[in-house]
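**Q** This is the structure I have questions about; it appears just below.
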Number of protein chains: 2
Amino acid sequence: MRATLMYSAGDVRVEHVPDATIVEPTDALVRVVRACICGSDLWPYRDMPPVEGGRSMGHEAIGVVEDVGRDVRRVKAGDFVIMPFAFSDGTCEFCQERLQTSCVHGGFFGSGRVNGAQAEALRIPQADGTLYVLPTPADDALAASLLSLSDVMGTGHHAALAARVAPGKRVAVIGDGAVGLCGVIAAKRLGAEQIIMLGRHADRIALARAFGATGVVGERGEAGAAKVRELTGGFGVHAVLECVGSDTSMATAMAIVRAGGAIGRVGVPHYDAIPAAQPAFYGNVTVSGGPAPVRAYIEDLLPDVLEGRIEPGRVFDRVVGLEQVPAGYRAMDARESVKVMVKP
Amino acid sequence: MRATLMYSAGDVRVEHVPDATIVEPTDALVRVVRACICGSDLWPYRDMPPVEGGRSMGHEAIGVVEDVGRDVRRVKAGDFVIMPFAFSDGTCEFCQERLQTSCVHGGFFGSGRVNGAQAEALRIPQADGTLYVLPTPADDALAASLLSLSDVMGTGHHAALAARVAPGKRVAVIGDGAVGLCGVIAAKRLGAEQIIMLGRHADRIALARAFGATGVVGERGEAGAAKVRELTGGFGVHAVLECVGSDTSMATAMAIVRAGGAIGRVGVPHYDAIPAAQPAFYGNVTVSGGPAPVRAYIEDLLPDVLEGRIEPGRVFDRVVGLEQVPAGYRAMDARESVKVMVKP
């Protein structure tokens with residue numbers, strides 16, 4: 001079968017690899033219907049040292065189950081499934097608390113231990129816990145939005161929950177990538193009164209507005225922070241969705257959060273530390289977030305997708321075949337594309 | 001009148017100063033019935049550079065109103081009041097959100113702008129918002145517990161709320177000072193299932209147990225963290241009350257918090273930063289807290305004090321007159337006393 005391997009920064013190849021198979025009795029084998037390229041794939045695309053044999057890429061997919069191991073009970077061949085970016089047993093203490101990203105038997109797709117989803121098929125560990133069986137057959141019209149539930153929509157929702165978005169709150173979203181755009185959807189869905197997108201790409205801003213952003217701030221740094229404060233009566237926002245993970249994005253988050261407010265961070269941190277005292281401590285700012293337990297959120301978000309109330313699939317603005325995955329990385333890295341869907 | 005001034009680290013004096021008076025029409029003048037020395041007073045006691053004329057000390061008191069300015073409406077002469085450590089107008093957006101420590105017209109007693117409470121009397125800015133009028137006459141038996149509502153009990157409660165203590169949760173309290181001990185009371189009051197006190201002073205541990213601690217860990221650093229994990233099924237606690245504010249206490253908090261858990265920090269940070277990535281981000285750890293809006297919490301906690309369900313006043317283990325305040329600082333600094341009450 002064909003699969004995507006990254007050999008070093010900028011070097012992504014689609015190659016013939018051994019077919020994915022069942023290894024553990026708790027595994028499932030899934031044929032990929034749609035996968036995609038994640039903003040977080042761009043970090044190694046920019047800085048990964050050479051890896052011998054390449055690193056298997058991709059952690060988002062919807063697909064059809066081809067086979068299951070002998071201990072799998074809840075999932076069967078033919079099921080149309082969402083594969084969250086983390087696998088999880090569904091039974092441990094953390095899974096029961098809906099924090100599947102901390103599952104004691106869990107891990108991450110495309111992490112080295114388990115292969116990635118930018119491929120024709122892949123092995124799913126802990127299939128009973130990991131896979132969400134959809135009530136619908138594979139459907140082209142909904143494919144993009146269903147695919148978004150494997151990561152970006154659930155991650156945007158996690159940022160909004162971590163930032164304590166609620167009816168009447170003022171919200172800012174840092175990052176106009178797919179997660180930030182899904183954060184806008186999540187903030188609106190949770191009843192935010194004001195949603196300010198910090199971004200400067202016309203196409204992304206247009207989508208943010210379509211998703212419910214009530215304002216846009218294109219300035220960066222202190223000028224951008226001053227603009228957000230101006231738009232919020234001088235005090236900043238109750239909730240910041242930090243969807244980037246850079247030191248400047250975290251500094252901006254701290255500069256625009258209102259006293260007593262919260263920062264929900266979902267951008268993998270490429271900064272070392274969070275300033276301890278001002279304004280975090282003296283302003284009673286809450287910092288929360290991390291890898292989103294998207295497995296838990298599928299059941300919360302799916303009805304809105306199936307009934308058309310939210311359309312997170314609109315973040316995909318390009319569809320490529322597996323052979324064009326390297327071009328997809330280039331397009332996202334050059335910001336020519338928000339998010340690339342892969343149709344193997 | 002007599003008042004306490006700190007001239008530099010270790011140099012605390014009780015001196016005759018001009019009588020406190022009404023200055024603004026929104027002020028009240030309060031005669032101090034009880035004041036006390038705070039753990040946070042020990043930071044300048046250990047490292048304050050010389051201050052010309054001295055710094056007026058003390059930010060916790062109960063007292064009787066002697067006079068009020070012409071614009072004061074809710075408070076009158078003769079009222080028995082609790083003075084929270086921060087003053088606040090009671091009407092701004094933040095006060096309405098119960099975050100009086102961020103009041104737009106607020107500030108802190110003993111901060112330079114406003115004199116401190118280790119004195120015979122003091123001026124109370126924004127009296128209508130700041131002072132909590134007690135329904136009872138000045139009562140010696142309850143004085144200590146009422147006094148604790150001006151800071152330490154409210155601060156321990158704030159740590160517990162910021163750490164999201166709730167029924168069934170496993171809790172650790174870092175710091176066996178008065179705030180940490182009040183944190184134990186707060187955790188028990190909020191229904192914690194397990195409360196582990198990290199501390200090593202026999203008298204404080206005994207009090208922590210009396211307040212509801214179910215376990216004590218005396219080891220420090222990684223040994224202490226390992227012990228906490230051992231006591232909690234290997235995963236750590238849902239809630240950490242960080243009541244110290246040093247770099248080692250924050251490191252311990254991060255080492256013992258469970259994935260998905262929260263750290264409520266109320267110790268004034270004497271560390272620069274909070275580690276961004278591991279475990280804070282990958283473990284979805286929430287970091288929250290700051291100066292406690294004790295003004296908001298008085299109405300929540302007072303019934304439990306008046307009806308004897310909680311006895312936070314037991315943290316006071318020494319009572320001194322105003323002249324003995326310098327000796328009180330020495331005793332607390334040497335850890336001979338948990339918390340010193342001042343009876344002017």
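A short reminder: the numbers here are calculations on the coordinates, not readings from a lab. Please read these numbers as outputs of a predicted model, since none were measured by experiment. Glycine gets a Cβ as well: all are built from the backbone with ideal geometry, and neighbour counts include every protein chain shown.
**Q** Taking a point 7 Å out from Cα toward Cβ as the label site, list the nm distances between A:Lys76 and the same residue in every other copy, smallest first.
**A** 7.9
**Q** Follow-up question, since we're still on this one. At a Förster radius of 30 Å, what calculated FRET efficiency corresponds to the Cβ-Cβ distance of A:Trp43 and A:Arg220, to the nearest 0.05? Don't skip to the answer; put the middle values down first.
**A** Values: r = 20 Å, r/R0 = 0.68.
Once the sixth-power term is evaluated, E becomes 0.90.
**Q** Give the percent of DSSP beta bridges with both residues in chain A that are antiparallel, rounded to the nearest 5. Spell out each step's value before the answer.
**A** On the way: 30 of 54 bridges.
That works out to approximately 55 percent antiparallel.
**Q** Let me ask something else about it. What is the calculated FRET efficiency for A:Val133 to B:Ala202, with r their C-beta to C-beta distance and R₀ = 45 Å, to the nearest 0.05?
**A** Details: r = 58 Å, r/R0 = 1.28.
E(calc), rounded to 0.05, equals 0.20.
**Q** Let's see if you can work this out: charge +1 on each Lys and Arg Cβ, -1 on each Asp and Glu Cβ, no other charges. What is the dipole magnitude of chain A about its Cα centre, in debye to the nearest 20? Write down the numbers at each step before the final one.
**A** Details: 34 positive and 39 negative charges, 179 e Å.
Here the size comes out at about 860 debye.
**Q** When you look at the Cβ of every residue in A:281-294, what mean number of other chain Cβ atoms sits within 10 Å?
**A** Numbers: counts 12, 6, 6, 13, 4, 8, 9, 8, 5, 11, 4, 1, 2, 0.
Partner Cβ neighbours, averaged per residue: 6.
**Q** Charges only on Cβ, +1 for Lys and Arg, -1 for Asp and Glu: so what's the dipole of the protein assembly as shown about the Cα centre, in debye to the nearest 20?
**A** On the way: 68 positive and 78 negative charges, 63 e Å.
For the protein assembly as shown, the charge dipole is close to 300 debye.
**Q** If you take every DSSP beta bridge whose two residues both sit in the stretch A:154-289, what share of them, in percent to the nearest 5, is antiparallel?
**A** Counting DSSP beta bridges with both partners in the stretch A:154-289, the antiparallel share is about 0 percent.
**Q** Identify which of B:Gly175, B:Gly54, B:Gly106 has the largest mean-square fluctuation in a Gaussian network model of chain B, with springs joining Cα atoms closer than 10 Å.
**A** B:Gly54
**Q** Taking R0 as 30 Å, what's the FRET efficiency between B:Arg13 and B:Val268 from their Cβ-Cβ distance, rounded to 0.05?
**A** Details: r = 24 Å, r/R0 = 0.79.
Efficiency at R0 = 30 Å is approximately 0.80.
**Q** Okay, moving on. Which residue in chain B puts its Cβ closest to the axis that rotates chain B onto chain A, and at what distance in whole Å?
**A** Value returned for chain B: B:Ala273, 2.
**Q** Something else: Report, for B:Glu230, each distance to the same residue's label point in the other copies, shortest first and in nm; define the point 7 Å along Cα→Cβ.
**A** Listed shortest first, these distances are 6.0 nm.
**Q** Using a label point 7 angstrom from Cα along Cα-to-C-beta, what distances in nm, from shortest up, separate B:Asp19 from the other copies?
**A** Sorted ascending, the copy-to-copy spacings read 9.8 nm.
**Q** So, one more: So for chain A, what percent of the C-alpha to C-alpha distances run longer than 29 Å? Could you put the intermediate results ahead of the total?
**A** Working: 21520 of 58996 pairs.
That tail contains 36 percent of the Cα-Cα pairs.
**Q** Provide a whole-number value for the mean count of partner chain Cβ atoms within 10 Å of the Cβ atoms in peptide A:83-94. It would help to have the intermediate numbers written out before the result.
**A** Working: counts 0, 0, 0, 0, 0, 0, 0, 0, 0, 1, 6, 6.
Across the residues of A:83-94, the mean count of other-chain Cβ atoms within 10 Å is 1.
**Q** Mean separation of Cα pairs under 8 Å and 6+ residues apart, divided by the residue count of the stretch B:1-104: what relative contact order is that in percent? Numbers along the way, then the final one.
**A** Details: 190 pairs, mean separation 26.4, N = 104.
Worked out over the stretch B:1-104, it gives 25 percent.
**Q** Taking 8 Å as the Cα distance limit and 6 or more residues as the minimum spacing, I'd like the relative contact order of chain B as a percentage. Could you put the intermediate results ahead of the total?
**A** On the way: 891 pairs, mean separation 64.6, N = 344.
About 19 percent, as a whole number.
**Q** Please go through the residue pairs A:Lys169/B:Lys169; A:Lys169/B:Lys188; A:Lys188/A:Lys227; A:Lys188/A:Lys339 and name each one whose alpha carbons sit more than 25 Å apart in this structure.
**A** Working: A:Lys169/B:Lys169 28 Å; A:Lys169/B:Lys188 32 Å; A:Lys188/A:Lys227 21 Å; A:Lys188/A:Lys339 21 Å.
A:Lys169/B:Lys169; A:Lys169/B:Lys188, as the Cα separations exceed 25 Å there.
**Q** Please average, across the residues of B:17-28, the number of beta carbons from any other chain that are within 10 Å of each residue's own beta carbon, and give a whole number.
**A** Details: counts 0, 0, 0, 0, 0, 0, 0, 0, 0, 0, 0, 0.
For peptide B:17-28, the averaged partner shielding equals 0.
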